[in-house]
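Undergrad: Just passing along the structure, written as structure tokens.
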Amino acid sequence: MTEERKMPPWVAVAIGAVALLACGGMITAGVAMLRQPEKTTPAAALERRVAEIHGMPMTAGDCGAVFKGQDPVIVVVLGQSNAGNHADRADPAQSPLPMIPVLHEGGCGLSGAPLPGGTGDGGSLWPAVHQALGGRWQGRPIVWSVIAVEGTSLSDWNRPDSALRRYWQTQVDRIKGTHWPVAAVLWQQGEADARDRTAMAEYRDDLAALRTDMGMRGLRAPWYLARSTYCPPHDGGQVREAVRELLAIPDSGFLPGPDTDSLSLPLRNGCHFSAAGVTRAAALWAEALLPEASKAPVSTGAGGAAAGAGAASGVKAP
């Protein structure tokens with residue numbers, strides 16, 4: 001009878017260990033596959049950026065301290081990163097600019113950069129523009145309303161299913177709810193469409209359509225258009241030509257803003273403004289706005305100031 005050969009104990013242990021390691025590796029690989037993030041769609045990426053818009057700081061001061069019982073006018077800022085808070089911060093050695101009145105989510109508070117309503121954690125043009133205008137538009141205090149999301153193309157503003165479109169619709173409704181007049185809309189956008197090679201006619205017609213849509217929602221004011229396409233290596237010629245055509249149409253409601261494309265290195269940090277670039281860009285905006293902003297004060301109808309002041313002054317958004 002043949003003697004049965006027994007496996008040494010250490011061999012059995014080794015085989016078991018190898019099997020356990022192999023099984024563990026398969027489980028780990030399976031878990032890793034399950035944990036892999038899904039590919040982000042453009043719509044989801046835009047929704048994430050809209051969610052990153054700054055709200056009103058909890059410590060924001062009272063707008064009433066600036067308005068002093070006067071009915072303000074609203075200047076609305078629309079655009080992408082250079083309209084938001086993506087510039088370099090000011091030199092800490094320089095005196096900081098005063099806080100400015102900002103209308104956001106239906107409430108008014110005093111804020112510096114980063115301003116409520118925009119993405120980014122850096123500097124912003126608008127406190128410097130506010131200072132250059134003396135904080136006044138035709139004798140009345142200015143309150144700013146910013147809607148600015150980095151990297152947004154004109155199609156992001158117009159698409160019916162866009163998170164940005166839903167956002168601006170809500171904000172425009174809240175602007176209208178204050179019963180304060182809108183003096184001007186400042187458009188600082190174009191870099192994304194230069195990147196996407198948007199055709200001139202498409203950009204021209206889509207921007208006109210956006211103005212019409214916002215006007216139907218109650219945002220009726222002249223639009224000042226910046227030439228804002230600088231973002232090497234992209235060519236913004238088509239967007240610039242679209243702006244030129246809109247400005248050439250009589251009574252179109254579009255007015256010339258600054259040519260911020262004229263500001264290149266060293267006034268830029270990539271596509272965005274350096275601290276010195278903020279100063280220069282703000283000066284260009286003030287130069288474009290001052291002829292209208294410095295006109296003689298417009299008288300307010302009976303009860304106008306009281307009606308407006310009760311709507312939002314002194315109310316800070318959460």
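The values are calculated or read from the model by the stated rules, or taken from the named source; none is laboratory data. Note that this is a predicted model, so its numbers are computed, not measured. Glycine also receives a Cβ, built like all others from the backbone with ideal geometry; neighbour counts cover every protein chain displayed. For accessibility, only protein heavy atoms count, side chains too; no ligands or nucleic acids. Shrake-Rupley method; radii C 1.70, N 1.55, O 1.52, S 1.80 Å.
Undergrad: Would you check which residues across the stretch 235-274 are closer than 17 Å to residue 86 by Cβ, surrounded by 18 or more Cβ atoms within 10 Å (Cβ to Cβ) and of a type in the set (A, V, I, L, M, F, W, C) and list them?
TA: Within the stretch 235-274, 263, 267, 271, 273 qualify.
Undergrad: Residue 204: touching a strand residue (DSSP E or B) at 6+ places or on another chain (Cβ under 7 Å) and within 30 Å of residue 264 (Cα to Cα), yes or no?
TA: So residue 204 fails the test.
Undergrad: Now for a separate question. Return yes or no: is residue 127 crowded, with 17+ Cβ neighbours inside 10 Å, in contact (Cβ under 8 Å) with a residue 12 or more places away in the chain, outside any loop (DSSP other than H, G, I, E, B) and in contact with a Cys (Cβ under 7 Å, 6 or more places away or on another chain)?
TA: No; evaluated as a whole, the condition is false for this residue.
Undergrad: Can you spot a residue in the stretch 287-300 that is of a type in the set (S, T, N, Q), more than 28 Å from residue 53 (Cα to Cα), crowded, with 18+ Cβ neighbours inside 10 Å and modelled with pLDDT of 95 or more?
TA: Checked the stretch 287-300: no residue is of a type in the set (S, T, N, Q), more than 28 Å from residue 53 (Cα to Cα), crowded, with 18+ Cβ neighbours inside 10 Å and modelled with pLDDT of 95 or more.
Yes/no matrix, rows are residues, columns are (1) within 17 Å of the chain's Cα centre (by Cα); (2) aliphatic (A, V, I, L, M); (3) within 25 Å of residue 267 (Cβ to Cβ):
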residue: 146; (1), (2), (3): yes, yes, yes
residue: 150; (1), (2), (3): yes, no, yes
residue: 173; (1), (2), (3): no, no, no
residue: 186; (1), (2), (3): yes, yes, yes
residue: 196; (1), (2), (3): no, no, yes
residue: 210; (1), (2), (3): yes, yes, no
residue: 213; (1), (2), (3): no, no, no
residue: 224; (1), (2), (3): yes, no, yes
residue: 245; (1), (2), (3): no, no, no
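Undergrad: Take residue 89 and tell me if it is touching a helix residue (DSSP H, G or I) at 6+ places or on another chain (Cβ under 8 Å), surrounded by fewer than 24 Cβ atoms within 10 Å (Cβ to Cβ) and without any contact (Cβ under 8 Å) to a residue 60 or more places away in the chain.
TA: no
Undergrad: In the stretch 97-121, what residues are touching a His at 6+ places or on another chain (Cβ under 7 Å) and open to solvent by 10 Å² or more (accessible area, probe 1.4 Å)?
TA: Matches in the stretch 97-121: 114, 120.
Undergrad: Return the residues of the stretch 206-227 that are acidic (Asp, Glu) and under 14 Å from residue 253 (Cα atoms); say none if nothing qualifies.
TA: Scanning the stretch 206-227 gives a single hit, 213.
Undergrad: From the list 109, 151, exactly one residue is closer than 18 Å to residue 84 by Cβ, out of contact with any helix residue (DSSP H, G or I) (no Cβ under 6 Å at 6 or more places or on another chain) and not polar (S, T, N, Q). Which is it?
TA: Every option except 109 fails the conditions.
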